[in-house]
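Peer 1: First, the structure itself, so that you have it in front of you.
Throughout, read-outs are computed from the coordinates displayed, never taken from laboratory work. Every value quoted in this text rests on a predicted model; they were computed, and no experiment measured them. Glycine also receives a Cβ, built like all others from the backbone with ideal geometry; neighbour counts cover every protein chain displayed.
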C-alpha cells in the first residue's frame, strides 16, 4: 500500500473541520519510499485520528503539519517511514505521553470537560500501529506548546 495516499485521504476528510476553524495544514510528504505491507483503511484511520485530535486541540487560526521522511535500516532493522503530525495546540504535560494512549484516558479531566471525547482515538491508533510492527509516540513541551505525534512503520522490501 501507499502510505502517502492514506495520509492524503485522511487529510481530505479532516479538511472541512480545519477550514471551519481557519486552521492551516502543511503537507510535506518527503519520504521517497512510502510503500509498505499494511491495511490501508486501518492506517488511514490512524492518521485521521491524529489529524482530528490536532484540529480539535488547536485553536482557530492554528497550524497543523504532516511530514514524512525515511530512516535507513540496518542488518537488524528494516528501513522505516516516519510520519509526524505536529500542531500548535494545547499540548500536554510531561506525565501524559504514555497515559494518553490508554483507552478512555485524556491528558487530564479538564480536557474531557472542555473538549469531550471518549479517549479512544489514540488507543486505537497505537493498537493499529503496533499490529503493523510500528511504533507511535507523542511529545509536547508542555501546556499550550503544541504537540507532535510520530508514527514509525517498517517499509516493504519491494524488489
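Peer 1: Distance in nm between label sites at residue 141 and residue 156, each 7 Å beyond Cα in the beta-carbon direction?
Peer 2: If labels sit at residue 141 and residue 156, their model points lie 3.9 nm apart.
Peer 1: Once fully extended, how much extra length lies between residue 17 and residue 75, figured as 0.36 nm per residue of separation less the alpha-carbon to alpha-carbon distance?
Peer 2: Numbers: separation 58, 0.36 × 58 = 20.88 nm, distance 4.34 nm.
Length gained between residue 17 and residue 75: 16.5 nm.
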